[in-house]
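The values are calculated or read from the model by the stated rules, or taken from the named source; none is laboratory data. From a predicted model like this one, the values you see are computed outputs, not experimental measurements. Don't worry about glycine lacking a Cβ; one is built from the backbone with ideal geometry, like all the others, and counts go over all protein chains shown.
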């Protein structure tokens, strides 16, 4: 692998990170205010659809963006009504919004465009296109042959759509709002102790609605980015679970903006791997080391704990060992024998590569990153004590 | 008298929570520059009334006059603007914020934070010198003690330039010495011309510090009198509506063999804080050992270890045999099987499941009992229901309807359900935590009698309470806890509140004597 | 006292919620240029208009009973198992392995073996999320969603590789041996000389679903385990006081939940007309289970009623989309609305009704 491959991987990571990052920050504002939002996915999806549809109809991608933000904020307000005004279950409300968006986008897309639940392909001037910085190379062949510094500048720094740069700017902006403004202080307070905010004479309801609205705006941009910058139009379920991965990234980042950026870049790296290396090949011996090694580590951990840990983690280790042995066995033949089979390469099933981001999310949530303490009042509607 | 307008005048305040009428047509006047006490039983509506004044609840009817001016108080913002500050019983602080941030929250000067914080820092310094309210402005709330947290609450009110300060049960979390200090501060505030309203259920505090006192009962205002014109017995009678026994009737204890022997118990929590530091004591059959102390000094952890839901190191012997402190047999089920019954400190979050019916709660913790099973597989719900009916009858739970959800009973009746369940197990050892917290006086008397009756049957009882009066009245022996240690043991008839108070504040055994 | 009589809580509130969901759905129909009344008539005909259609409705209802029960059992422990979709797929894998590789001489044996394998596989798929929730506090909702995705990856891996018959193009297993085919209700009807249910796939697993309902009812309200599950679900701190292990209850409740979801495979993998495991075997049933459990108030009787309703909706929706240009996703929209109104906006519906009752009580006094 040469340097340019790495630059490409990094470039893809950043591109994939933006919707994650925006959704993650959206979740951050909402959860910091004490409203859990599992409906990031649905809001992005609705925004992706509507911004593509409006961009297509009007030919103006900015109008599309605005429409995307609009629908996303509308869904946020519905979530706010359910979880703030009517003190409903926030998880259930979020799940409902996800299904609502998943179903309605296809139904309306079919009703409007009759193209099997997608929007027509957007023409180039109805999309967010890459901005080429001065002096940056644009042709692939030129970049291949350029110096590493130029490769980095042209591929990694330059050539993204304006939403990418905007998305990256939201990180310091969020930090500043959260820690340097009155609104931020109150927002953080309402997620920790709404009763303190209430008795200080500030409206809990208004603050939380404000947070939820910001969440809607950011999700809206994220969705619009997917359908008008990454892709040229909306396709069914195009958000591909990013809303949930963003939530995992948020936990990983422990609800802090700069850490959210790091977490999202890391998660998106796994998506980038899937795109850059759809056919990953590994030597059997590495597979065995990886699987059996992690099995041994888990078992060692479990043995220091309880019976239940030994059963679950021990069982999982056995499964991993079995997979490793199967990979080995599959390469064995009369000609090369057992030892030589260890050094054969095997193609990692594409389904596994596609599952990597999701697997990584589970591993992160398993808490290999230390304890994450969510905002204390998170998920609970504010009810005045009696 | 009528020359000066009252600082506060409430006229005809009414408030209902669903079907419960918390305040009925209440009127009250408080003169400026006085300390006015409001006394009443749990559930009498004191806190509700003051929360209405602070804009936390909205009254259904009635008017508020501040310094003679009719004032609408739709929310706390309006109350603050009218110069009212309130220190709630459960502090309204953001635990992971600094003192400074808590003080500033809601009273910021502009959209940017830094100037507000700088200004508040200066102001806090001058308030600290003026009223002896020293607090480190950069300390995080969860790292400082409850006494300090209370100061932050007072500072919050003063920072907002409150002229009227309401304190709801402020001494519940304080040692007697801390309480005295609080009263000194309140005295200073009064001298400065501030008006103070003190909500409490402790008669002593009323007599010690207030100028006038109002008595509430069942949502109604019974009387407002000058403190100098009344006495504790009179106030108690007005509170309850009949003569009350201020002391528990009991014969001297006849302790027998040691039932519970606790040796060198230690707990270190997740954050590495040492919660119990080598606690050792014994409880004999036929005696009540009372553990006194300000809450948060390890009593809860002690009960949790004995009840089987907190891990600890050390040794606990029950009737001479050790009980497991770790492993599969250290859980609550095993404790119950060994004859330990437990009336927990927090009946709403531990002792009962509020959404369960009374009969379901009757089996709670004892649902493995063979008498509640129909066969190996299914539970005998009919047997539980019948059992519940009988228990509710014997303990005079009202209404005696086992099909009602626990949340629909009053605090006293909820506690009776818990006490009935635990006492009727005929345990060797009964753990009792805060048996009368949030319980009306009638139920208090009944519950105390049940505990004494169990003692007279020759059972060992470990009582934990933050109410010194309850400890003094009920215990045969008193141990005082402070900072995870037992500071000393006393006999109730050979000690007094002052001495216990010093032990509760951490004085060594020798120093306090 | 409770402000509302029980019948209002159990019947009136869900019915009003449902009406609200129906009104919004009607608006959606109008938005895509469809007369909602016509659509309703089409859907009603598609759901119960012929005995074939009715059979399909019952077939889908069977699916939803299983997933509804799965969600409900977890809900009783205050756990949100949103991974029914993946657990159904794994259940299918278990059933397929038994049916394809174990020689089973008769359908009754196949039913027992297949159901056991499906339940075990479904339960196994939730072991890791359950363990992580119980031990590490990892959010069960996020982990089960991730496991849904991985389940479909795993299934496609098996169906396009190891379990695919040589020379077949379809991503599916071979058709199971004839001896394992479960009798359809049409077969049963024929024994009585009736042609009821025609070619619809509704089969005897519907009885298994009803048995599961009775089992869940007994489990939740008449066993110690159920008592502990409900206690834990209502108050974690009280459960701790009572000596109920949070780790054990979390694990057991989720394993039962996963097992019930897995059981659905008996119906939709072994029970269909050409029994085989296909890649989209779950078909969203895992998610519909959420709506079914919420609407059915987590009670088996309610779940059966809600499952029938959703069965009709699903089947009617399929017929609607065949007859018009409206895609089947309209069912997902209606499902979302039902979840929203019966789950999250419950208070919006309940509070005014409660107030109404309170007022009439006061007036009566």
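Selection over the range A:1-37 of residues that are part of a loop (DSSP other than H, G, I, E, B) and within 25 Å of residue A:272 (Cβ to Cβ) gives a count of 2. Scanning the range B:195-209 for residues that are modelled with pLDDT of 95 or more and either more than 17 Å from the chain's Cα centre (by Cα) or surrounded by fewer than 16 Cβ atoms within 10 Å (Cβ to Cβ) (or both) gives B:195, B:196, B:197.
Let's see how each residue does on (1) surrounded by 21 or more Cβ atoms within 10 Å (Cβ to Cβ); (2) modelled with pLDDT of 95 or more:
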| position | (1), (2) |
| --- | --- |
| B:245 | no, no |
| B:256 | no, no |
| B:259 | yes, yes |
| B:270 | no, no |
| B:291 | yes, yes |
| B:309 | yes, no |
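For residue A:96, the criteria (1) in a helix (DSSP H, G or I); (2) more than 7 Å from chain C (Cβ to nearest Cβ) hold in every case but one, which is (2). For the range C:35-46, the count of residues that are within 19 Å of residue C:335 (Cα to Cα), without any contact (Cβ under 8 Å) to a residue 60 or more places away in the chain, within 14 Å of chain A (Cβ to nearest Cβ) and assigned to a helix (DSSP H, G or I) is nonzero. Within the range B:331-342, identify whether any single residue is in contact with a helix residue (DSSP H, G or I) (Cβ under 6 Å, 6 or more places away or on another chain) and either more than 13 Å from chain C (Cβ to nearest Cβ) or not in a helix (DSSP H, G or I) (or both), and answer yes or no. Among the residues of the range B:331-342, at least one is in contact with a helix residue (DSSP H, G or I) (Cβ under 6 Å, 6 or more places away or on another chain) and either more than 13 Å from chain C (Cβ to nearest Cβ) or not in a helix (DSSP H, G or I) (or both), which makes the answer yes.
Starting from residues that are in a helix (DSSP H, G or I) and either in contact (Cβ under 8 Å) with a residue 24 or more places away in the chain or in contact with a strand residue (DSSP E or B) (Cβ under 8 Å, 6 or more places away or on another chain) (or both), keep the ones in the range B:492-501 and report whichever is nearest to residue B:175 (Cα to Cα). Among those that are in a helix (DSSP H, G or I) and either in contact (Cβ under 8 Å) with a residue 24 or more places away in the chain or in contact with a strand residue (DSSP E or B) (Cβ under 8 Å, 6 or more places away or on another chain) (or both), it is B:501.
Can you pull out the helices (runs of 4 or more DSSP H) entirely within the range C:138-230 that have at least 2 residues that are without any contact (Cβ under 8 Å) to a residue 12 or more places away in the chain, farther than 23 Å from residue C:124 by Cβ and more than 9 Å from every other protein chain (Cβ to nearest Cβ)? Spell out how you get there, then give the answer.
Numbers: elements: C:140-160, C:185-191, C:205-222.
In the range C:138-230, C:185-191 are the helices (runs of 4 or more DSSP H) which contain 2 or more residues that are without any contact (Cβ under 8 Å) to a residue 12 or more places away in the chain, farther than 23 Å from residue C:124 by Cβ and more than 9 Å from every other protein chain (Cβ to nearest Cβ).
All conditions but one from (1) in a loop (DSSP other than H, G, I, E, B); (2) within 11 Å of another protein chain (Cβ to nearest Cβ) apply to residue A:335; the one that does not is (2). Give the residues of the range A:196-253 that are on the phi > 0 side of the Ramachandran plot and modelled with pLDDT of 95 or more, sorted by residue number. Within the range A:196-253, just A:233 meets the criteria.
Residues that are under 22 Å from residue C:197 (Cβ atoms), within 14 Å of chain A (Cβ to nearest Cβ) and crowded, with 24+ Cβ neighbours inside 10 Å within the range C:303-330 comprise C:310, C:313, C:314, C:317, C:320, listed in sequence order. Taken over the range A:148-182, the residue count meeting the criterion of being within 7 Å of chain B (Cβ to nearest Cβ) and either assigned to a helix (DSSP H, G or I) or closer than 30 Å to residue A:127 by Cα (or both) is 2.
Based on this model, can you work out whether residue B:349 counts as in contact with a helix residue (DSSP H, G or I) (Cβ under 7 Å, 6 or more places away or on another chain), surrounded by fewer than 21 Cβ atoms within 10 Å (Cβ to Cβ) and within 26 Å of residue B:306 (Cβ to Cβ)? In short, yes.
Among the residues making up the range C:259-283, none is within 14 Å of chain A (Cβ to nearest Cβ) and more than 25 Å from residue C:162 (Cα to Cα). Across the range B:473-491, the qualifying residues are those that are closer than 20 Å to residue B:286 by Cβ and free of Cβ contacts under 8 Å to residues at least 40 places away in the same chain, and the one among them that is surrounded by the fewest Cβ atoms within 10 Å (Cβ to Cβ) is B:491.
For the range A:81-93, the candidate set comprises residues that are under 22 Å from the mean Cα position of the chain (by Cα) and touching a residue at least 60 places away in the same chain (Cβ under 8 Å); within that set, the residue that is farthest from the other protein chains (Cβ to nearest Cβ) is A:90. Taking residue C:113 as the residue in question, decide whether it is over 19 Å from residue C:77 (Cα atoms), free of Cβ contacts under 8 Å to residues at least 60 places away in the same chain and more than 17 Å from the chain's Cα centre (by Cα). Answer is yes for this residue.
Test residue B:327 against the stated conditions and say whether it is more than 17 Å from residue B:278 (Cα to Cα) and buried (at least 24 other Cβ atoms within 10 Å of the Cβ).
For residue B:327, the condition - more than 17 Å from residue B:278 (Cα to Cα) and buried (at least 24 other Cβ atoms within 10 Å of the Cβ) - is not met.
Residue A:104: modelled with pLDDT of 95 or more, in contact with a helix residue (DSSP H, G or I) (Cβ under 6 Å, 6 or more places away or on another chain) and farther than 30 Å from residue C:21 by Cβ, yes or no? Taking the combined requirement at face value, the residue does not satisfy it. Applying the condition of being over 12 Å from residue C:271 (Cα atoms) and within 25 Å of the chain's Cα centre (by Cα) to the range C:168-185 and asking which residue is modelled with the lowest pLDDT yields C:171.
Going by the conditions given, is residue B:179 under 20 Å from residue B:91 (Cβ atoms), in contact (Cβ under 8 Å) with a residue 12 or more places away in the chain and assigned to a loop (DSSP other than H, G, I, E, B)? Taking the combined requirement at face value, the residue does not satisfy it.
Per-residue answers, yes or no, for (1) in a helix (DSSP H, G or I); (2) surrounded by fewer than 21 Cβ atoms within 10 Å (Cβ to Cβ); (3) away from chain B (no Cβ under 14 Å):
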residue	(1), (2), (3)
A:190	yes, no, no
A:195	yes, no, no
A:209	yes, yes, yes
A:215	yes, no, yes
A:227	yes, no, yes
A:236	no, yes, yes
A:240	no, yes, yes
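The set of residues from the range A:300-311 being within 14 Å of another protein chain (Cβ to nearest Cβ), closer than 17 Å to residue A:367 by Cα and assigned to a helix (DSSP H, G or I) comprises A:301, A:302, A:309.
Restricting the range B:423-443 to residues that are within 21 Å of the chain's Cα centre (by Cα) and at pLDDT 90 or above leaves a set whose member that is nearest to residue B:405 (Cα to Cα) is B:435.
Filtered by the rule that a residue be within 14 Å of chain A (Cβ to nearest Cβ) and closer than 25 Å to residue B:227 by Cα, the range B:45-68 gives B:45, B:46, B:47, B:48, B:49, B:50, B:51, B:52, B:53, B:54.
Take residue B:117 and decide whether it is touching a helix residue (DSSP H, G or I) at 6+ places or on another chain (Cβ under 7 Å), farther than 25 Å from residue A:34 by Cβ and either in the same structural domain as residue B:12 (by TED's automatic domain parsing) or at pLDDT 95 or above (or both). Against the criterion (touching a helix residue (DSSP H, G or I) at 6+ places or on another chain (Cβ under 7 Å), farther than 25 Å from residue A:34 by Cβ and either in the same structural domain as residue B:12 (by TED's automatic domain parsing) or at pLDDT 95 or above (or both)), residue B:117 does not qualify. In the set B:110, B:147, B:106, only one residue is at the interface with chain A (Cβ under 9 Å from one of its Cβ atoms) and within 30 Å of the chain's Cα centre (by Cα); that residue is B:106.
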